[in-house]
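First comes the structure, then the notes that go with it.
A short reminder: the numbers here are calculations on the coordinates, not readings from a lab. From a predicted model like this one, the values you see are computed outputs, not experimental measurements.
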Amino acid sequence: MKKLVVLLAIAVIGSTLNAQTTWNVDPSHSNVRFTVSHLVISEVEGSFRKFGGAIVTTNPDFTGATVNFTIDVNSVNTDNENRDKHLLGDDFFNAAKYPNMTFKSTSFKKISGNKFELDGNLTIRDVTKPIKFNVTYGGTAKDGYGNTKAGFKVTGIIDRFIYGLKWNSVTEAGGATVGKDITIDLKLEFAQAK
């Protein structure tokens, strides 16, 4: 009987230690932004207003977590209506045919302190390529309503050409009107699921 009690206790402790916790993105306290060079001399910024995602982890420091994220391409905003329409067309996102960008992680590992490396697959226009993001974990805190929140800053660079965001023209000096590298900057707050 004692052996059975011990085995049950071990099983309960083991299941508690390996319990998964889900964290869902809080869009009202998060943002998804991007930057691209224009005429080689300056930069244009934009954002996506609609997005969602979740982190599933068994560790309190998020090491080894899995991350899934989706962005509604139709929510792009660069503060210029004509440019936004161009981005939604086939020269860039072709949002009518490919309305979402998705990311699925393959690893989330701690580099040192609160710095992590997030690897995964990013899909744009049905083209999936591996990508690496640098992540700064801001910590966890309870909000005024008793919800536990976790904050992250995520940065990375993608080559837009490999995803079929192909439009370009050349300036008089021979430079690209729109740069090929897009800097991604996400500031994300996640709420622990209850």
Report summary line: Of the convex hull drawn through the C-alpha atoms of the range 20-192, the volume per residue in Å³ is 126 Å³
Query - Hits among aspartates and glutamates - C-alpha to C-alpha of residue 180 under 13 Å, sequence gap 8 or more where chains match - result: 43, 159
